[in-house]
1. When you go through 61, 24 one by one, which is the residue that is modelled with pLDDT of 85 or more and either surrounded by 12 or more Cβ atoms within 10 Å (Cβ to Cβ) or in the same structural domain as residue 86 (by TED's automatic domain parsing) (or both)?
2. Inside region 27-58, can you point out the residues that are of a type in the set (A, V, I, L, M) and either in a helix (DSSP H, G or I) or surrounded by fewer than 10 Cβ atoms within 10 Å (Cβ to Cβ) (or both)?
3. Can you find a residue in region 36-49 that is under 15 Å from residue 92 (Cβ atoms), in contact with a Phe, Trp or Tyr (Cβ under 7 Å, 6 or more places away or on another chain), modelled with pLDDT of 85 or more and not polar (S, T, N, Q)?
4. If you go through region 84-104, how many residues are over 19 Å from residue 38 (Cα atoms) and at pLDDT 85 or above?
5. From (1) touching a residue at least 40 places away in the same chain (Cβ under 8 Å); (2) loosely packed, with under 14 Cβ neighbours inside 10 Å, pick out the condition that doesn't hold for residue 12.
6. Tell me, yes or no, whether region 5-20 has at least one residue that is over 19 Å from residue 81 (Cα atoms), within 34 Å of the chain's Cα centre (by Cα) and outside the structural domain of residue 77 (by TED's automatic domain parsing).
7. So which residues in region 79-88 are surrounded by 15 or more Cβ atoms within 10 Å (Cβ to Cβ) and within 17 Å of residue 58 (Cα to Cα), if there are any at all?
Amino acid sequence: MSLQRTDPRMIEALEGASSLQLYQLKALIEGMLAGPRRGIAARANLHLGQPVQFVDFRDGQMRRGKIIAMRDTQATVQEEGTKRTWKIPCLAMQGYHGAERRDEQAPYEPPPEPARATSRAREFQRGDTATFDDRDGRNITGVIVRINQRTATLATGDGVTWRVPFHALRQVLDV
């Protein structure tokens with residue numbers, strides 16, 4: 001772990017401690033961080049779009065970024081410069097006021113939601129007449145008796161039912 005950007009007073013205070021004292025301090029700190037009050041307070045002080053600073057525990061470096069998503073106990077932060085995203089416990093970050101002026105004036109715009117596949121399920125309803133081609137290439141026509149998320153169940157006039165994905169169905173229009 002790099003100690004370059006760590007507060008020199010912290011390093012100086014801990015340098016003279018024995019291994020047992022450091023281990024005892026570690027247990028004390030972990031116990032304090034596990035307390036629910038501290039977690040709730042940390043989460044309450046954070047919001048989407050807020051500039052934050054956090055510690056990269058791999059090398060001890062302080063990093064800065066902006067919160068782009070929030071969960072109960074952690075947030076997703078987009079790091080300044082690299083645009084890398086981090087999932088960080090809310091306890092392990094704090095807001096900072098050194099953000100650039102333009103960031104303070106511009107309202108936060110979250111990244112766009114990923115495009116969802118359009119469902120053809122909305123095109124069909126129970127009671128509609130639909131048709132599809134079976135594996136042998138025969139045209140099968142029936143009435144929709146059930147609709148699921150991905151398939152519709154068609155009943156043909158001869159008592160046979162077929163479960164067919166929506167992409168294979170075509171509507172039959174009564175003329």
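The values are calculated or read from the model by the stated rules, or taken from the named source; none is laboratory data. These numbers were taken from a predicted model, which means no experiment stands behind them. Every residue, glycine as well, gets a Cβ built from its backbone with ideal geometry; the counts of neighbours run over all protein chains shown.
1. 24
2. Residues satisfying the conditions are 27, 28, 29, 32, 33, 34, 40, 41, 42, 44.
3. Checked region 36-49: no residue is under 15 Å from residue 92 (Cβ atoms), in contact with a Phe, Trp or Tyr (Cβ under 7 Å, 6 or more places away or on another chain), modelled with pLDDT of 85 or more and not polar (S, T, N, Q).
4. Total satisfying the criteria: 3.
5. Result: residue 12 passes all but (1).
6. yes
7. 79, 86, 88
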